[in-house]
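Every number here is computed from the coordinates shown, using simple stated rules; none is lab data. Fair warning: this is a prediction, and the values are worked out from it, not measured in the lab. Note that we place each Cβ from the backbone using ideal geometry, even for glycine, and neighbour counts take in every protein chain shown.
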Amino acid sequence: MTLRIVTVGSRKSGKTYLANKLLNSDNFQTDIMKTIYQNVNGIEYKTIIQDLHRTERFEALQTNHCRGVDGVLLVFNVSDKQSFKNCSMFVQDIKEKSNAEIILIGNKWEEKREVNLDEAVEFAQLHNANYYEVEKPETQMKEIFEKLVQSIVQKKSAVE
Ligand SMILES: Nc1nc2c(ncn2[C@@H]2O[C@H](COP(=O)(O)OP(=O)(O)OP(=O)(O)O)[C@@H](O)[C@H]2O)c(=O)[nH]1
Ligand SMILES: [Mg+2]
């Protein structure tokens, strides 16, 4: 079983930056796929992660990339309200195209805060997602990814 995971979020919200931290890489190229092996309860799962980008003109998802994915790292910038607002549209789109587990990530690397913790948590709960605010991506991204794969595996075994 190979799990397919994508990054989703507004332009410049930090998707590529965080994906690079997860992969211990400096140059993970957008739209290229990388394989990560993740252990859950003693079983090694092969996951393929793909970092998506927004085009200049459209905030909308690159539809086909999201079709049938197993997991989504949905990223917004805590210092950019619009990037949070856009998450509603992304979630709707993801849900139309997949049964993916979603983890909402508030990327926090600037001082300015435009999105409250409460509203982010509430939004995540509404959509059955976990919320993580990331300040130390070097360590946190690995934990978050592990959590995402765990949730995917749980969901799949519940269905079987
Ligand atoms: N220091 C720091 N810089 C960040 C962080 N997240 C993003 N950046 C910077 O913000 C800019 C945009 O980040 P990207 O990761 O390229 O954003 P993206 O979501 O991949 O953007 P698109 O691919 O255009 O949709 C880059 O210059 C990053 O270096 C962070 O957590 N810490
Ligand atoms: Mg990018």
| task | Compute the label zone of V40 within segment 92-128: residues whose backbone N is under 14 Å from the point 7 Å along Cα-to-Cβ. | result | 99-103
| Rounded to whole Hz, the Karplus (6.51, -1.76, 1.60) HN-Hα couplings of segment 79-91, x for glycine and proline | 8, 9, 4, 4, 5, 6, 4, 4, 4, 4, 5, 5, 4
| request: Using DSSP, restrict attention to beta bridges with both residues in the chain and report what percent are antiparallel, rounded to the nearest 5. | output: 25
| query | Whose amide H sits under 5 Å from the amide H of E133, counting only residues 5 or more places off or on another chain, with H placed in the peptide plane? | reply | G106
| How would you order 129-136, 68-75, 100-107 from highest to lowest mean count of nearby Cβ atoms within 10 Å? | 100-107, 68-75, 129-136
| request: Within the set of other residues whose C-beta is less than 13 Å from the C-beta of K97, count the net charge using Lys and Arg as +1 and Asp and Glu as -1. | output: 0
| note | Dividing the helical contributions, -39500 (n - 2.57) per DSSP H run of n ≥ 4, by the residues of the chain yields a 222 nm value, nearest 500 deg cm²/dmol, of -12000 deg cm²/dmol
| Based on Cβ point charges of +1 for Lys and Arg and -1 for Asp and Glu, what charge dipole magnitude is obtained for segment 2-159 about its Cα centre, in debye rounded to the nearest 20? | 400
| Around S98, which amide H atoms from residues at least 5 apart in sequence, or from another chain, sit under 5 Å from its own amide H, with H modelled in the peptide plane? | G68
| message | What number do you get for the chain when its Cα radius of gyration is normalised by 2.2 N^0.38 Å, N = residues? | response | 0.96
